[in-house]
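Remarks on the structure that follows.
What follows is calculated from the coordinates using simple rules that are stated; it is not laboratory data. Since we're looking at a predicted model, the values are computed, not measured. Cβ coordinates were reconstructed from backbone atoms using ideal geometry, including for glycine residues, and neighbour counts include every protein chain displayed.
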Amino acid sequence: MVTGGCGFIGSNFIQYLLRQGDFTGRIINVDKLTYAGNPDNLDGIEKNNPDRYLFEKADICDLGLMEDIFSRYAIDATCHFAAESHVDRSIKDPGAFIYTNIVGTFNLLEAARSHAGDFILFHHISTDEVYGSLGKEGLFKETTPYQPNSPYSAAKASSDHLVRAYNKTYGLPVTVSNCSNNYGPYQFPEKLIPLITLNAKEGEKLPVYGDGRNVRDWLYVEDHCNAIWTIMKSGRRGETYNIGGNMEMENIVIVEMICDILDELSPVSSGKNDHRRNLITFVKDRPGHDRRYAIDFTKLQSELNWSPQESFESGIRKTISWYLENSEWVRRVRNNEYQSWMSEQYKL
């Protein structure tokens, strides 16, 4: 079972898994199809894999339905992506994050526990945001104390603790991964890189929080998928593994890089703002905005021989090119609800 398999990372993971020669099983994709869950992300997957892929539109907060799916499909492993994940939305509506990220995870753990005899692994996808914020130095390690600063990260921290507790209390076989910021194809355009890419392409303002000097460690989504599968196959049960891209970047540097690449790939033909950097607009910082994240993935590297393969320079070009080449996908996801939310959020 892959939960949230129509979302950004989940859909990339399903595509990745079906390409792997060492995966011979069947995938049951469980997704509620909220605003960020998009079946277009998996266009053609069911047709091309009729015996290996099935989709169930379902809410992980419905315990009875989760237990039914576990029974009907004899689920033996779960990779749990499904979550409300955008910090800005968690500030506006924390209740949805508490319900989905905590109660939903609890329901899945309960369903897995009720099938303990056949169950092999519950892999839980989490975030580096549970660790809080770093100063100019240091890295998040698996032993770093949790100090979440937003409703989103607090809800994810809670779900991490639940997963660990089910391993220690009930012996449920689990692994947890805490990853840095992902980017790549199919990411919903409320996130920094697709938001800036699409706004810049269309000559719209480019909102940057605060002074733009917040630092994130960036991880190309296919590298993340490879790390997850590596952990699921070979990771020690009951353990947490940090996944990082070894690529710390200030937000403003990324925004400027996107502008320059777009100027190269899709030059503005005429008029003002012929250089897209002129579109950068600094907006009021969001509450509790963590200053810096950076991941130490030594444990994953030393135990399981994993390292990211994609450089940021090559990954960002692949990502921008994908958005330029998939304008119909972009058109369908950028609906009126999203546009209204973005205008209100950034006061543009």
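Panel note: the C-alpha atoms of region 156-202, placed on their principal axes, show extents of 53, 17, 14 Å (largest first).
Less than 5 angstrom separates the built amide H of Phe122 from those of Thr78, Val174, Thr175, all sequence-distant by 5 or more or on a different chain.
Please compare each pair in Lys233/Lys318; Lys57/Lys191; Lys141/Lys201; Lys57/Lys201; Lys92/Lys168 to a cut-off of 30 Å on the Cα-Cα distance and tell me which ones are over it. Provide the component values of the computation, followed by the final result.
On the way: Lys233/Lys318 28 Å; Lys57/Lys191 24 Å; Lys141/Lys201 37 Å; Lys57/Lys201 34 Å; Lys92/Lys168 35 Å.
Pairs exceeding the cut-off: Lys141/Lys201; Lys57/Lys201; Lys92/Lys168.
Filter the GluC sites (Glu not before Pro) in region 115-174 to those in DSSP coil with at most 15 other Cβ atoms within 10 Å of their Cβ, and list the result.
Working: sites: Glu129, Glu137, Glu142; in loops: Glu137, Glu142.
When the GluC sites (Glu not before Pro) of region 115-174 are filtered for loop state and at most 15 Cβ neighbours within 10 Å, Glu137 remain.
What relative contact order, as a whole-number percentage, does region 89-176 give when Cα pairs under 8 Å and 6 or more residues apart are counted?
Values: 95 pairs, mean separation 36.8, N = 88.
Reported relative contact order: 42 percent.
A convex hull fitted around the alpha carbon atoms of region 54-168 yields 115 Å³ per residue.
Expected output is a single nm value to one decimal: the length gained when fully extending between Thr24 and Asn305, i.e. 0.36 nm times separation in residues minus the C-alpha distance. What is it? Present the calculation step by step, with values, prior to reporting the outcome.
Values: separation 281, 0.36 × 281 = 101.16 nm, distance 2.27 nm.
Here the segment from Thr24 to Asn305 would lengthen by 98.9 nm.
In the chain, helices alone account for a calculated mean residue ellipticity at 222 nm of -12500 deg cm²/dmol, with every DSSP H run of four or more residues adding -39,500 (n - 2.57).
Taken along the Cα-to-beta-carbon direction at a fixed 7 Å, the label points for Lys168 and Asp274 span 6.3 nm. Calculated FRET efficiency, Ala96 to Ala74, Cβ-Cβ distance, R0 = 35 Å: about 0.65 to the nearest 0.05. Dividing the convex hull volume of the alpha carbon atoms of region 187-311 by its residue count gives 120 Å³ per residue.
Restrict the search to region 1-52; then list the trypsin sites (Lys or Arg not before Pro) that DSSP places in a loop and that have at most 15 other Cβ atoms within 10 Å of their Cβ. Write down the numbers at each step before the final one.
On the way: sites: Arg19, Arg26, Lys32, Lys47, Arg52; in loops: Arg19, Arg26, Lys32, Arg52.
When the trypsin sites (Lys or Arg not before Pro) of region 1-52 are filtered for loop state and at most 15 Cβ neighbours within 10 Å, Arg19, Arg26, Arg52 remain.
Karplus-based coupling profile of region 11-20, in residue order and whole Hz: 5, 5, 5, 4, 4, 4, 5, 6, 8, 7, with θ = phi - 60° in 6.51 cos²θ - 1.76 cosθ + 1.60 and x standing for Gly or Pro. For region 318-326, the Karplus equation 6.51 cos²θ - 1.76 cosθ + 1.60, evaluated at θ = phi - 60°, returns couplings of 4, 5, 4, 4, 4, 5, 5, 8, 10 Hz by residue, with Gly and Pro reported as x. Across the chain, Cα-Cα pairs farther apart than 25 Å form 52% of the total. The charge dipole of the chain, taken about its Cα centre with unit charges on the Cβ of Lys, Arg, Asp and Glu (plus for the first two, minus for the last two), comes to roughly 300 debye.
Of Asn251, Asn41, Asn326, the residue with the greatest mean-square motion in the GNM of the chain, using alpha carbon springs below 10 Å, is Asn326.
Subtract the Cα-Cα distance of His115 and Lys57 from 0.36 nm times their separation in residues, and report this length gain in nm to one decimal.
Details: separation 58, 0.36 × 58 = 20.88 nm, distance 2.13 nm.
Between His115 and Lys57, full extension yields 18.8 nm more.
Just the projected area, averaged over all directions, of the convex hull on the alpha carbon atoms of region 44-105: how many nm²? Don't jump to the answer; show the numbers that get you there.
Values: hull surface 21.9 nm².
Directional mean of the projected Cα hull area for region 44-105 stands at 5.5 nm².
Distant-in-sequence amide contacts of Tyr53, defined by a placed amide H-H separation under 5 Å and a gap of 5 or more residues or a different chain, comprise Ile27. For Asn214, the residues 5 or more places off, or on other chains, whose built amide H falls under 5 Å of its own are Asn251, Ile252. Taking θ as phi - 60° and the Karplus parameters 6.51, -1.76 and 1.60, the scalar couplings of region 230-240 work out to 4, 5, 4, 6, 10, x, 6, 5, x, 9, 10 Hz in sequence order, x denoting glycine and proline.
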